[in-house]
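Below: the structure, in structure tokens.
Since every read-out is calculated from the coordinates, none of them should be taken as a lab result. Since this is a predicted model, take the numbers as computed values, not measurements. Every residue, glycine as well, gets a Cβ built from its backbone with ideal geometry; the counts of neighbours run over all protein chains shown.
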Amino acid sequence: GENVEQHPSTLSVQEGDSAVIKCTYSDSASNYFPWYKQELGKRPQLIIDIRSNVGEKKDQRIAVTLNKTAKHFSLHITETQPEDSAVYFCAASPPNNDMRFGAGTRLTVKP
Amino acid sequence: GAGVSQSPSNKVTEKGKDVELRCDPISGHTALYWYRQSLGQGLEFLIYFQGNSAPDKSGLPSDRFSAERTGGSVSTLTIQRTQQEDSAVYLCASSLQVAGSYEQYFGPGTRLTVT
């Protein structure tokens, strides 16, 4: 089955700086790569996703890049704000949608 | 519309007892997932149901764990002879899984405490 690794496990940045979280996956058939944000005490929620026929996708301050050859994808958050502080999970899903999540990155944005 | 619901929201049980956790997915969602999340940890995959296909049970940590999904809708996760290490939040998610719609919608979770 799919195996997803995520780095770093914790990330602390100053407000206004950029944050980058990286993930690798093992199953070359995976074709869907979502990112979820989980605020303290809340359920995970989708913030952005990318499919394998696209190399990059942006939504305001967040962007995701995908390198299928290297089997890695990244989340980029620009102009970070304190409300971006949360745990972020990447995931990879093969065509049968048997999705697996990375271990998560705890992002702290210091004001 | 209504989102994914789970019950109970909290469950305290004594070591050795059996527990049942319930998940009501969003109506029409064909896929249903169970995850376990220990305090401050990631989303540990447990089991995946997709339509009428055989479920992927590869994430169940031991034979004390089982799950079923009746009528392609409600799912129950059963933990037999609970142990203290089973204490965690159990999250359920459902997904529509038609072209362009693969987002998983999570329920609020059941916080299980085994004393």
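Using R0 = 35 Å, the C-beta based FRET efficiency linking B:Ser66 and A:Gln14 works out to 0.15.
Percent of C-alpha pairs per 10 Å bin in the stretch B:42-99, short distances first: 19, 55, 23, 4, 0.
Would you compute the Debye intensity of the stretch A:10-72 from its alpha-carbon atoms alone, equal scatterers and no solvent, and pass along log10 I(q)/I(0) at q = 0.22 Å⁻¹ to two decimals? Values, matching the q order: -1.07.
Candidate cross-link partners of B:Lys11 among the lysines, defined by an alpha-carbon separation under 18 Å and a same-chain spacing of 8 or more, comprise A:Lys42.
About the Cα centre of the protein assembly as shown, how large is the charge dipole given +1 on each Lys and Arg Cβ and -1 on each Asp and Glu Cβ? Please answer in debye to the nearest 20.
On the way: 23 positive and 24 negative charges, 28 e Å.
It comes to approximately 140 debye.
In the protein assembly as shown, a dipole from Cβ-located charges (positive for Lys and Arg, negative for Asp and Glu) runs towards its positive end, and of B:Ile79, B:Gly40, B:Pro55 it is B:Ile79 whose Cα lies farthest in that direction.
In this structure, the residue pairs whose Cα-Cα separation is over 26 Å, taken from B:Lys17/B:Lys57; A:Lys57/B:Lys57; A:Lys68/A:Lys110, are A:Lys57/B:Lys57; A:Lys68/A:Lys110. Among A:Glu83, A:Glu39, A:Glu56, which one shows the biggest mean-square fluctuation in a GNM of chain A, springs joining Cα atoms closer than 10 Å? Ranking A:Glu83, A:Glu39, A:Glu56 by mean-square fluctuation puts A:Glu83 first. Under a GNM of chain A (C-alpha, springs under 10 Å), which listed residue has the highest mean-square fluctuation: A:Pro82, A:Pro34, A:Pro95? Result: A:Pro95 has the largest fluctuation of those listed. Comparing chain B with the 2.2 N^0.38 Å rule of thumb, its C-alpha radius of gyration ratio is 1.02 (two decimals).
With the alpha-carbon atoms of the protein assembly as shown aligned to their principal axes, the span from lowest to highest coordinate is 49, 38, 34 Å, starting with the largest. For chain A, the convex hull drawn through the C-alpha positions has a volume of 90 cubic angstrom per residue.
For B:Lys17 and A:Glu5, what is the calculated FRET efficiency with R₀ set at 25 Å and r taken between the beta-carbons, to the nearest 0.05? Walk me through the numbers on the way to the answer.
Values: r = 36 Å, r/R0 = 1.45.
The calculated FRET efficiency here is 0.10.
Segment A:Asp59..A:Leu40, full-extension length gain: 4.5 nm, with 0.36 nm per residue of separation and the alpha-carbon distance subtracted.
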